[in-house]
Amino acid sequence: MPVAIITGASKGLGRALGEALAARGWDLVLDARTAHVLKETEAVLAARGARVTALPGDVTDAAHRAELVAAARRLGGVDLVVNNASALGAEPLVRLEVLSLEGLRRALEVNVVAALGLVQEALPLLRASRAGAVIAVSSDAAAEAYETWGGYGASKAALDHLTAVLGEEEPGLRVWAVDPGDMATDLYAAAVPDDDDPRPDPGSVVPAFLRLLDERPASGRYGAPSLLKDLR
C-alpha cells in the first residue's frame with residue numbers, strides 16, 4: 001500500500017485529506033501538536049482499515065521529523081509528503097508595522113524551514129517510490145497582497161519558490177504547491193476571528209488534491225478551485 005506523511009493532520013484539511021487517502025487504501029503517518037486530538041483522528045482513520053501511525057510533536061524539531069520518516073519506513077516507505085502544518089506568525093493577524101519578528105521567525109520556521117527539513121529527511125524514500133510526490137499547502141496570500149497577511153504570505157511565497165525549485169531539481173518526483181482557496185479552518189478563525197462569513201468545509205477541496213495524485217500533472221503551482229472547476 002502507498003504511504004503518506006501528512007503534517008498538521010489532526011483536523012481541517014490535513015484530517016480531511018487523511019480520511020480520503022485512508023478510504024483509498026493508503027497507510028498514513030500523521031503529525032500534529034495537540035496529542036489528544038491527533039489520537040482521535042488516528043482512531044477514526046484506523047477504523048477505516050488504514051494502518052495509521054500518529055506522532056504528536058512540532059515539525060520544527062528535527063528529531064520529530066526523523067521520527068515521522070522512520071515510522072513511514074516501517075510501513076513500507078514514503079510515496080507522498082504533505083506539508084500542511086502552518087503557523088500564522090500572529091493570532092489574530094496584524095499589520096507589518098507591529099508584527100513581532102519572533103512571530104515572523106515562527107511562521108518561516110514552520111512553513112518553510114520545517115517543510116524543507118521533512119522533505120530532505122524523506123527524499124531517499126521518495127526517490128525509491130514508483131510515484132513519489134510532495135504537496136506543499138500554499139495560500140492565495142502567497143501571491144496577493146492582503147492587509148495584515150504580510151508575514152504569513154511571505155512565508156507561503158517562500159514555500160512556493162522552494163517547491164518550484166525542488167520540482168526542477170527532482171524531475172523523478174511530482175512536486176506541487178497547492179492553494180486550497182478559502183476554507184473554514186481553525187487557522188483562518190485564529191487569523192481573522194471577527195470574520196463571520198461562511199467558508200467551505202476543508203473536505204470540499206480534497207478532490208482537487210486527489211486529482212493531482214490520479215493524473216500526476218507536471219510539477220508546479222495549482223489552485224484547488226481551478227482543479228475543482230475542471231472536474232465539474
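Nothing in this text is a laboratory measurement; each read-out follows from the coordinates by a stated rule. Just so you know, these numbers come straight off a predicted model, no measurement behind them. Counting neighbours? That spans all protein chains shown, and the Cβs are built from the backbone with ideal geometry, glycine included.
What is the Cα centroid distance between segment 70-91 and segment 1-42, reported in whole angstrom? First find each Cα centre; the distance between them is then 9 Å. Ordering Ala142, Leu212, Ala128 by the projection of their Cα atoms onto the charge dipole of the chain, which places +1 on the Cβ of Lys and Arg and -1 on the Cβ of Asp and Glu, puts Ala128 at the extreme positive end. Each label point was placed 7 Å from the Cα along the Cα-to-Cβ direction; for Ala70 and Tyr146 their separation is 3.9 nm.
Arrange Tyr188, Tyr146 by Cβ neighbour counts within 10 Å, fewest through most, would you?
Tyr146, Tyr188
Straight-line cross-link reach from Lys11 at under 16 Å between alpha-carbon atoms covers these lysines, not counting any fewer than eight positions away in the same chain: Lys39. The largest-to-smallest principal axis extents of the Cα set in segment 140-232 are 44, 32, 18 Å.
Quick check for me: using +1 on Lys/Arg Cβ and -1 on Asp/Glu Cβ, what's the dipole size of segment 28-116 about its Cα centre, in debye to the nearest 20? Please report the intermediate quantities before stating the final value.
Details: 10 positive and 11 negative charges, 57 e Å.
Roughly 280 debye, rounded to the nearest 20.
Remark: the chain carries a charge dipole of roughly 960 debye about the Cα centre, counting +1 on each Lys and Arg Cβ and -1 on each Asp and Glu Cβ. For the chain, the share of alpha carbon pairs falling in successive 5 Å distance bins from zero is 1, 7, 15, 20, 22, 18, 11, 5, 2, 0 percent. Averaging the Cα positions of each part gives two centres, and for segment 103-138 and segment 185-212 these lie 22 Å apart.
Mind checking which helices in the chain clear 18 Å along their axis (Cα) and have mean Kyte-Doolittle hydropathy of 0.5 or more, DSSP H runs only?
Numbers: long enough: 62-75 (20 Å, 0.17); 114-128 (22 Å, 1.13); 150-169 (28 Å, 0.04).
Flagged H segments are 114-128.
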